[in-house]
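Below: one structure, written as structure tokens.
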There are 2 protein chains.
Amino acid sequence: MAELFKVLTLDEARAVITRHLPGKRAGVVVPIMESLDRCLAAEVRGVDDVPAFNRSTVDGYAVKAKDTYGASDGTPSYLDVGGEVLIGQAPSGQVKMGQAWYIATGGMLPAGADAVVMVEYTEELDSRTIGINRPVAPGENVIRRGEDIAAGEVALTAGHRVRPQDLGLLSSIGITEVEVAFKTRVGIISTGDELINPQEKPYPGQIRDINSYVLYGAVADSGGVPRLYGIVPDDYDKMRMILERALGENDMVLISGGSSVGARDIVFKVIAAAGKPGVIFHGISVKPGKPTAGAFIGSKPLFGLPGHPASALVIFELLVAPLLRKGAYPACAEDFAMEFPVKAVITRSLHSAAGREEYIRIKLKVKEGQLFAEPVLGKSGLINTMIKADGLARIPSGKEGVEAGEMVEVKLF
Amino acid sequence: MAELFKVLTLDEARAVITRHLPGKRAGVVVPIMESLDRCLAAEVRGVDDVPAFNRSTVDGYAVKAKDTYGASDGTPSYLDVGGEVLIGQAPSGQVKMGQAWYIATGGMLPAGADAVVMVEYTEELDSRTIGINRPVAPGENVIRRGEDIAAGEVALTAGHRVRPQDLGLLSSIGITEVEVAFKTRVGIISTGDELINPQEKPYPGQIRDINSYVLYGAVADSGGVPRLYGIVPDDYDKMRMILERALGENDMVLISGGSSVGARDIVFKVIAAAGKPGVIFHGISVKPGKPTAGAFIGSKPLFGLPGHPASALVIFELLVAPLLRKGAYPACAEDFAMEFPVKAVITRSLHSAAGREEYIRIKLKVKEGQLFAEPVLGKSGLINTMIKADGLARIPSGKEGVEAGEMVEVKLF
């Protein structure tokens, strides 16, 4: 059965997943503070101009810029103080030719004024007259009406993940609720006759389940809602029953393991029989992580992840996390390059088979301002290599390894 | 009053904050799944050896390595199949000289065996004999007992922030609860007579509060528990009353604004009068963000942040976020270098005054595999420059700017 499916590259696997993803789903409306770190289900547009008036960015005097032209320390421009702008209020009059109005940072520019002179460049001659030592250009030290967001302008796009500054933007335009994408519910199943729960004491031959907890954390960190279905024995009927339940109760399901060839066969048979359209790939040319299977059951993605914890987490980061974070896949190669934004010098040479991508667990060190990536060597059956690592370095499939001293691209955990 | 305090560099401000921080505080015990993204209050050590037995990392045959020496395609080593290791169970016997036991990935190595030959390098002659085409070294394809974590070994250090893989490590050693640091409660106060709440409609001269919501998100994203105290007018007595309440109810307080010089003076007077040891700096040589004040009231940090939203968020990222994330400051220059791990080519020349650090809002672009940082120009009174930006590029204080084409260090939002 396995032989019917081609081993895909990572990019091919991403493309075929993207083709099977359902279209836009309805979102849920939440108060803006609950939208943090979630993706907008619809774009947000400015309601009114922000700010609603021309605003001073400094403490100083609102003036007509042309009244300051030619001003210098030696030949100041003398202007009459026409009034003072009170913070939070409309000015009580307008700036006439030859006049200056005192204005504090954030104050509303009076009609007639088109710039603000910083108080540092003025001197008070008496209570009614100031000297200006430096000219200002029209618009200087002023935030124009609508300069932050204009009415009707797209403020945030659909799919955008809400960051702290976006909350500020939303509040600035008077929006207190937004529609965000539903959190993806992810069912997590571990398989393997050797596995026991963490609170149990292992008999010889048994080990405690690692992948359920790694994947729980990875799903939660990526913005999904994880739900554990525990350890299922290497038994077709039991696995099929649990998988059906998990598919019914979630939007996506991850099965990890089993580690042995027999267990892997059962997992794959259960995945292949779970429904239509079914398996879309079986095996990817990525190390670690080759024994990965992908399927769609209706519109729900179903992944068979490797049993080795390091492999399972690498594949999760590359294939699954983007689905949870964006609700859709990186659309282009440019986005993919952004996944590995850190450049570091690798500290030892590593061999890699051409024709597959390799992801090396690395520890970052800084020496004289330069970042170095030190490979954390160790079997992918160990969890501790992922503990010691700060991130993953990528060796593209076209290369047969890297030489010590070469630059590599790194993604941080 | 302001003149009594020196303007500090960012490093000096960090150092003086670190000196005033209280020592270790007691933590709280939570189930491991709730410890995700929180900091451990105490180190965690291995309880038993993980794995508790020598474990095969492949499907194949457990052998004595020396029985395979010299084996090749032309001259295979012939071994008797002594038995099969069942997954999750202790082997029913031991491997004798000249014997091989079938073992699946994850199986427990039988006594007498010291390596596993991958099934790909064996051929079955009959049900009781196999030929081995390639020699193995002792330990090959085996995870040794305790190789992941040995009993008593430090598995995770105090202060470590729990990641998904750490949950896996904890479950592997049978730990279901850990002690994590309390989440820092942070009171947030906005000041400014021009501010109104987001659900209100501004009169001329008024704008909606931005900083409360930006800081709410920033505190939550850094692992703290934000609590908003709303907008306080530029009035000494009212501000003092709210600050006292916020200090009583939180572990840290942030006051942002007011934007005008009069409002800033009131904020600073209130901070200076809030208690002992009091103000530790007033002004930092960072752009944007100069009008920042730091104080300690007892063991509680109190920050007066700039009124401009972009400035407030930059200072939050540099000074406040590390306190919330780690419960303590980066201890050394190496950690600081790690804050700006991304290197990108800046796309335009920018001037910067020597003697102060500058943080430029930038948008990242990828072109032919190279990262470019495009400055997002705009006044720091605008929120939209922070919306358009992907992160901050640093111009060190020793430099008088950067030239287009130079490498800059970037921190992503």
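Only the coordinates and a few stated rules stand behind these numbers; no lab work does. Bear in mind the structure is a predicted one, so any value in this text is a computation, not a measurement. Cβ atoms come from the backbone with ideal geometry, glycine included; neighbour counts cover every protein chain shown.
With viscosity 1.306 mPa s and temperature 10 °C, the Kirkwood radius over alpha carbon pairs of region A:176-234 converts through Stokes-Einstein to a diffusion coefficient of 122 µm²/s.
How much space per residue, in cubic angstrom, does the convex hull of the C-alpha atoms of region A:340-412 take up? Each step should come with its number before you reach the end.
On the way: hull volume 5.9 nm³, N = 73.
Per-residue hull volume (Cα only) is 80 Å³.
Inter-part distance, region B:349-396 to region A:243-314, computed on C-alpha centroids, equals 42 Å. Packing, as the average of other Cβ atoms within 10 Å across residues, places the peptides B:70-78, A:145-153, A:260-268, B:104-112 in the order B:104-112, A:260-268, A:145-153, B:70-78, highest first. Between B:Arg19 and A:Lys6, the modelled label-to-label distance comes to 6.7 nm, taking each label 7 Å out from Cα in the direction of the beta carbon.
With Rh defined as the Kirkwood radius, the inverse of the mean 1/r over Cα pairs, the Rg/Rh of the protein assembly as shown is 1.05.
Spin-label model, A:Lys276 to B:Lys367: label points 7 Å out along the Cα-to-beta-carbon direction sit 4.9 nm apart. Relative to the dominant Cα principal axis of chain B, helix B:211-221 is inclined by about 20°.
Loop-located trypsin sites (Lys or Arg not before Pro) across region B:1-61 with a Cβ neighbour count of 13 or fewer within 10 Å are B:Lys6, B:Lys24, B:Arg25, with loop assigned by DSSP. For the peptide B:142-149, the mean number of other protein chain Cβ atoms found within 10 angstrom of a residue's Cβ is 3. Taking every alpha-carbon pair in region A:112-160 and binning the separations at 5 Å intervals from zero gives 4, 16, 16, 17, 12, 9, 7, 7, 6, 3, 2, 1 percent. For region B:26-38, putting each phi into the Karplus relation 6.51 cos²θ - 1.76 cosθ + 1.60 with θ = phi - 60° gives couplings of 5, x, 9, 8, 9, x, 4, 5, 7, 7, 3, 6, 9 Hz, in residue order, rounded to whole numbers and with x for Gly and Pro.
On the principal axes of its alpha carbon atoms, region B:55-143 extends 36, 25, 21 Å, with the longest extent given first.
Calculated [222 nm] ellipticity per residue, helices only, for the protein assembly as shown: -5500 deg cm²/dmol; basis is -39500 (n - 2.57) per DSSP H run with n ≥ 4, divided by all residues, nearest 500. Highest mobility in the GNM of chain A, judged by mean-square fluctuation with C-alpha springs under 10 Å and restricted to A:Val342, A:Val119, A:Val320, is found for A:Val119. One quarter of the surface of the convex hull around the alpha-carbon atoms of region A:181-312 equals 8.0 nm², the direction-averaged projected area.
The convex hull defined by the C-alpha atoms of region B:267-413 has an orientation-averaged projected area of 9.4 nm². Return one number: the angle in degrees, 0 to 90 and rounded to the nearest 10, between the long axis of the Cα atoms of helix B:10-20 and the longest principal axis of the Cα atoms of chain B. Compared with the principal axis, the helix lies near 80 degrees. Per residue of A:82-92, other chain Cβ atoms within 10 Å of the residue Cβ number 4 on average.
Judged by the mean number of other Cβ atoms found within 10 Å, the most tightly packed of the peptides B:178-189, A:185-196, A:388-399 leads the ranking A:185-196, B:178-189, A:388-399. Within the same chain, lysines fewer than 8 places from B:Lys96 are excluded, and of the rest, those with a Cα less than 18 Å from its Cα are B:Lys64, B:Lys66. Working note: Karplus 6.51/-1.76/1.60 with θ = phi - 60° gives region A:50-62 the couplings 10, x, 7, 7, 5, 10, 7, 9, 9, 8, x, 10, 7 Hz, where Gly and Pro are set to x. Axis angle, to the nearest 10 degrees, between helix B:261-272 and the longest C-alpha principal axis of chain B: 60 degrees.
Computed from the C-beta positions of B:Val345 and A:Lys399, the FRET efficiency with R₀ = 22 Å rounds to 0.45. Under a Gaussian network description of chain B, with springs only between Cα atoms under 10 Å, the residue in B:Leu313, B:Leu86, B:Leu36 that fluctuates furthest is B:Leu86. For region A:356-396, GluC sites (Glu not before Pro) meeting the loop criterion (DSSP other than H, G, I, E, B) and having at most 11 other Cβ atoms within 10 Å: A:Glu368. Compute the whole-percent fraction of alpha carbon pairs in chain A spaced more than 38 Å apart. Within chain A, distances greater than 38 Å cover 44 percent of Cα pairs.
Remark: mean inter-chain Cβ contacts per residue of A:359-368 equal 2, using a 10 Å Cβ-Cβ cutoff to other protein chain atoms.
For region A:222-287, the normalised intensity computed at q = 0.12, 0.14 Å⁻¹ comes to -0.33, -0.45 (log10 of I(q)/I(0), Debye sum over alpha carbons, equal scatterers, no solvent).
Over region B:142-201, what portion of Cα pair distances is larger than 18 Å, expressed as a whole percent? Roughly 58 percent, rounded to a whole number.
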